[in-house]
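Structure first, then comments.
The values are calculated or read from the model by the stated rules, or taken from the named source; none is laboratory data. Computed from a prediction, not measured in an experiment: that's the story for all the values here. Ideal geometry is used to build each Cβ from the backbone, glycine not excepted, and the neighbour counts take in all protein chains shown.
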């Protein structure tokens, strides 16, 4: 049995879970998320918990069991608390700023890099070297954060670039110049 799949998902107050066949809709104070799951995986609400079970022990169903439970848990967490990713901008002259709904990054290129904020996520820039990306969909928040980081990934010699706040950059030693005779 899946260790993750058999754990019940607690529904916090203010969150409503509706199941219509394979479609699951989760409404909460921060918004609404809808997803469709495999018909072999049974999702049901029992009291203030969501229970995920599978019809048989085929390999595919065993794989989907834990996945479905994890996705449902992320939906419940997203509409109640939300998700956020914090990015740090390191480097001389590298900075981030927000202009309206655009994130404008100065990353040492000949032009500023602009990224548009969409309806699902919000961008906050509390300081020129910190970016906070928030949203209710964990996948979209992580994807947008990865796209921002991709504009200038951190390099191992000086650590310049955009990195996650909890990411550790393995540093390399620079060249050691030997004197030529």
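Conditions (1) in contact with a strand residue (DSSP E or B) (Cβ under 7 Å, 6 or more places away or on another chain); (2) closer than 30 Å to residue 34 by Cβ, marked per residue:
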{"residue": "90", "(1), (2)": "yes, no"}
{"residue": "95", "(1), (2)": "yes, no"}
{"residue": "102", "(1), (2)": "yes, yes"}
{"residue": "115", "(1), (2)": "yes, yes"}
{"residue": "127", "(1), (2)": "no, no"}
{"residue": "162", "(1), (2)": "yes, no"}
{"residue": "167", "(1), (2)": "no, no"}
{"residue": "176", "(1), (2)": "no, no"}
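Which of the following residues is more than 24 Å from residue 167 (Cα to Cα) and in contact with a strand residue (DSSP E or B) (Cβ under 8 Å, 6 or more places away or on another chain): 65, 111? Before you say what the answer is, go through the steps one by one.
Details: 111 fails: in contact with a strand residue (DSSP E or B) (Cβ under 8 Å, 6 or more places away or on another chain).
65 is the lone residue from the list that is more than 24 Å from residue 167 (Cα to Cα) and in contact with a strand residue (DSSP E or B) (Cβ under 8 Å, 6 or more places away or on another chain).
Residue check: residue 134 meets all listed conditions (1) surrounded by fewer than 18 Cβ atoms within 10 Å (Cβ to Cβ); (2) farther than 28 Å from residue 34 by Cα but one, namely (2). Note on segment 131-174: residues that are in contact (Cβ under 8 Å) with a residue 24 or more places away in the chain, within 18 Å of residue 106 (Cβ to Cβ) and part of a loop (DSSP other than H, G, I, E, B) amount to 6. Of all residues in segment 1-42, those that are farther than 20 Å from residue 60 by Cβ and assigned to a loop (DSSP other than H, G, I, E, B) total 9.
The condition (being surrounded by fewer than 19 Cβ atoms within 10 Å (Cβ to Cβ) and in contact with a helix residue (DSSP H, G or I) (Cβ under 6 Å, 6 or more places away or on another chain)) is satisfied by just one residue among 124, 166, 57, 120: 120. Here residue 2 meets the list (1) at pLDDT 95 or above; (2) out of contact with any strand residue (DSSP E or B) (no Cβ under 7 Å at 6 or more places or on another chain) almost entirely, failing just condition (1). Checking segment 85-94 against the condition returns no match, with no residue being on the phi > 0 side of the Ramachandran plot, without any contact (Cβ under 8 Å) to a residue 12 or more places away in the chain and either surrounded by fewer than 18 Cβ atoms within 10 Å (Cβ to Cβ) or in a strand (DSSP E or B) (or both).
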